[in-house]
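Please treat every number below as a calculation from the coordinates, not as lab data. Everything numeric in this text was worked out from a predicted model, so none of it was measured. Here the Cβ is made from the backbone with ideal geometry for all residues, glycine too, and neighbour counts use every protein chain on show.
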Protein chains: 4
Amino acid sequence: MATKDSPEQNPRPVRTGGRVRSEDARRAVLDAAAELLEAAGYGALTIEGVARHANVAKSTVYRWWKSKGALVMDAYTHTVVTRVPEPDTGTVAGDLTSFISDLYRISAYPLRGRALRGLMAEAQLDPAFAEHFRQWVQSRRTVVTRMLIAAIDRDELPADLDLEHATDLVFGPFWYRLLVGHAPLDPDQASSHVAQLLNGLRGS
Amino acid sequence: MATKDSPEQNPRPVRTGGRVRSEDARRAVLDAAAELLEAAGYGALTIEGVARHANVAKSTVYRWWKSKGALVMDAYTHTVVTRVPEPDTGTVAGDLTSFISDLYRISAYPLRGRALRGLMAEAQLDPAFAEHFRQWVQSRRTVVTRMLIAAIDRDELPADLDLEHATDLVFGPFWYRLLVGHAPLDPDQASSHVAQLLNGLRGS
Amino acid sequence: MATKDSPEQNPRPVRTGGRVRSEDARRAVLDAAAELLEAAGYGALTIEGVARHANVAKSTVYRWWKSKGALVMDAYTHTVVTRVPEPDTGTVAGDLTSFISDLYRISAYPLRGRALRGLMAEAQLDPAFAEHFRQWVQSRRTVVTRMLIAAIDRDELPADLDLEHATDLVFGPFWYRLLVGHAPLDPDQASSHVAQLLNGLRGS
Amino acid sequence: MATKDSPEQNPRPVRTGGRVRSEDARRAVLDAAAELLEAAGYGALTIEGVARHANVAKSTVYRWWKSKGALVMDAYTHTVVTRVPEPDTGTVAGDLTSFISDLYRISAYPLRGRALRGLMAEAQLDPAFAEHFRQWVQSRRTVVTRMLIAAIDRDELPADLDLEHATDLVFGPFWYRLLVGHAPLDPDQASSHVAQLLNGLRGS
DNA sequence: CGCTAACCGAGACGGTACGTCAAGTCTTAAC
DNA sequence: GTTAAGACTTGACGTACCGTCTCGGTTAGCG
């Protein structure tokens, strides 16, 4: 967060003069990445193609983004999506339903789905990127984990809950459908899924 | 499982003479694929490298496997793994626990995990392969779905169960952990996961 | 021309039983070669393509013709052209004019021109074929040389004529135009070319 | 002429940035091409082999030369041979004798002969290259044609001379011997060939 | 207000793998 | 028991991107 920041958070650039980064180029690259991602899919997206499409030198892309994954991640977080919702409805059922139906809503935005699937793929192929990706995933898990802890504080859930696994139960089925594509993600099913989930978590 | 079969099931080759396919070459390719998969990961595996490693002509690989995904899929199913277990313990809890702990046991075989993750990645990048992959996934889902139907027949589970989603609850968290790698897969947790799952499925 | 014979003159086939050669296959190959030669030119003609086009196994082609050049040479002599004319008009001017205008007439048969040019090209690239080709060329040179000798006998030409070079003067310009293609070959110009040639050969 | 120029004469590259072309790489490629041409002949020369031999990336070769023919043509004109002689002795007999004996002298340089024969072969096989080759041939024809025109101006030859055919009579026999190889090219025979030729051209 | 550092574009470089194609050899099945 | 079918090894093809590397030419800000 914090500053306007460059894609990779450089802790302190220590500017001592020199030409300043072109915002035009940055936007052009991110837009081109998003566009090509939508048009051809993650696998067919190349840095060379993005540079060409953005009318930007290849070296400019490489200067600011060290991998295809980093670029798409940036395009995803800055261009594709804006904000992670962090609902606070007072009950865990409400919070989770809101969160999950929001997750499932991705089916309405094919570009986002394509980006997410591509990022997950990249994480499997490039260990360096996997680390970044894992951190991003972790940031989203934390949102859910916080909901669950709040629920425990309100005695809605048992104190000995396996938070890790409970969080997996939220994200796992979502990713599984997204990646395999055997069945659609339907926001309307969110509440029934949550009910079932909470039943399980509350124990017999 | 029909015959010894060739990688892509050709409905009937109609041999009318000519040199027969070299079983040596076939095994060498599959073994090389498995070996390189283990050594370098799916992303770093190339058809060129497999051919080199197997002491086989590149065109021979291309003749029989039309993509990297198809090759690894074949290597996975023929070399890496032998048999999908299909437990029948008499109770759904037993069946699922057996099945899931078996799933989680993949953590003991890094090669298998790498293969699975690579296949999932490929499915995101190559739509043509995705179709094959989806079929394979479906075949594994069917095993679980059958268990659930048997459970319904035994009145262990309600008849109005959403089989699709229930099956997702079995595989989703597994794949999610496998792919993200934020936490280990522990076979010992299988029974508690199953208990929680069944609690949820049985309704309030 | 002896027997039904195979393209390369085997001194004695000595059949001792076994499957007989398919005449169908032989014709199909020659026809396919001629057709592809016409359609795509010598450079784009491949043994693989001929076999495919003739619905014949590649090895069948290889058994009977040991190179692309040999095949085209065969197709040329058996399919494309029938007979070398050997005029005898009584005067060297008549003989040469007849022969040369016949040569130049090739411009009316693009297939023949293509074949000849391809054979010459092949001879530059494959030393083994060059030897065969040279023999064939020699056989055509002999026809001209014989005319010149007859002319000397009739005192139409000086006895100390350099037969080798004189023959080159007949074929050289022909091949040069055929190969370079900078100007057309016109049969009507044959007689003037011959007149000029004889002027030169007869000395001052 | 003019400048050091790049292989394909670009009338003005208009540098607008970008790394400059490596002269080292250019020379290495041309030298390697000349060397391999000498060692193995035109047919056995491959772009892949040239790149390997020159310690240069294959893509660098393809960047600058669009075909094997273009490469060898360049190697031939820049490395193998330096300059076309353009004699001016005052008489057409002298000019032609000088020119032709120079032509025939190629027999002393096997590499040049091999290159020429290979280029002619390529022109038969690759229509695109044929065009380039024809232009090069034309440039050499022009030298001879100019000599003949000068001779006409000096009344050494008749004004109604067929320049096209006369030029063919100079080059045709040369190429014919070079390509067929049925007899050697002997520079000493140049003057007698010229005498004969002029006899013919001057008419009865 | 000129220096200077960092940017930007262009694009060549050595690489690697791609997927295709044809060459020519070898083994098996058919006649 | 020869011929024909077809899988095999080999190796070059030409293409596409990779990531790195010069270049020439801006464009701040600092001194």
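When only Cα pairs below 8 angstrom with a gap of at least 6 residues are kept, chain C shows a relative contact order of 22 percent.
For an R0 of 45 angstrom, estimate the FRET efficiency from the Cβ-Cβ distance between D:Val20 and A:Trp136 and round to the nearest 0.05. Each step should come with its number before you reach the end.
Values: r = 42 Å, r/R0 = 0.93.
After rounding to 0.05, the efficiency reads 0.60.
When you restrict to C-alpha pairs under 8 Å that are six or more residues apart and normalise by the size of region C:92-201, the relative contact order lands at 46 percent. Peptide C:173-186 has a mean shielding of 6, counted as Cβ atoms of other protein chains within 10 Å of each residue's Cβ.
On average, how many beta carbons from a partner chain sit within 10 Å of the beta carbon of a residue in D:191-198?
On the way: counts 0, 2, 5, 0, 3, 12, 4, 3.
Across the residues of D:191-198, the mean count of other-chain Cβ atoms within 10 Å is 4.
The Cβ shell under 11 Å around C:Glu156 holds other residues with a net charge of -1, Lys and Arg each +1, Asp and Glu each -1. The long axis of helix B:23-40 is offset from the longest Cα principal axis of chain B by roughly 60 degrees.
Normalising by residue count, region A:86-204 has a Cα convex hull of 109 Å³ per residue. Between B:Leu163, B:Leu178, B:Leu30, the Gaussian network model of chain B with springs among Cα atoms under 10 angstrom shows the greatest mean-square fluctuation at B:Leu163. Once both labels are positioned 7 Å from their Cα atoms along Cα-to-Cβ, the gap between C:Ala128 and A:Ala183 label points is 6.6 nm.
Taking Cα atoms, how many degrees apart are the long axis of helix D:110-125 and the longest axis of chain D, rounded to 10 and kept between 0 and 90? Helix D:110-125 sits roughly 80 degrees off the main axis of chain D. Sparsely packed loop sites in region C:68-168 (the trypsin sites (Lys or Arg not before Pro) outside DSSP H, G, I, E and B with at most 16 other Cβ atoms within 10 Å) comprise C:Arg83, C:Arg154. Per residue, the average separation of C-alpha pairs within less than 8 Å and at least 6 apart gives region D:23-80 a relative contact order of 45 percent. To the nearest 10 degrees, how steeply does helix D:127-153 sit against the main Cα axis of chain D, on a 0 to 90 scale? Helix D:127-153 sits roughly 30 degrees off the main axis of chain D. Suppose we look only past 19 Å in the calculated P(r) of region A:23-80. What percent of the Cα-Cα pairs does that tail hold? Percentage above 19 Å: 11.
What is the calculated FRET efficiency for D:Arg146 to D:Ala108, with r their C-beta to C-beta distance and R₀ = 30 Å, to the nearest 0.05? Let's see the in-between values first.
Values: r = 26 Å, r/R0 = 0.87.
For D:Arg146 and D:Ala108, the calculated efficiency is 0.70.
Could you calculate the contour length gain from B:Ala93 to B:Thr77, that is, 0.36 nm times the residue separation minus the distance between their Cα atoms, to one decimal place in nm? Please report the intermediate quantities before stating the final value.
Values: separation 16, 0.36 × 16 = 5.76 nm, distance 2.73 nm.
Value of the extension gain: 3.0 nm.
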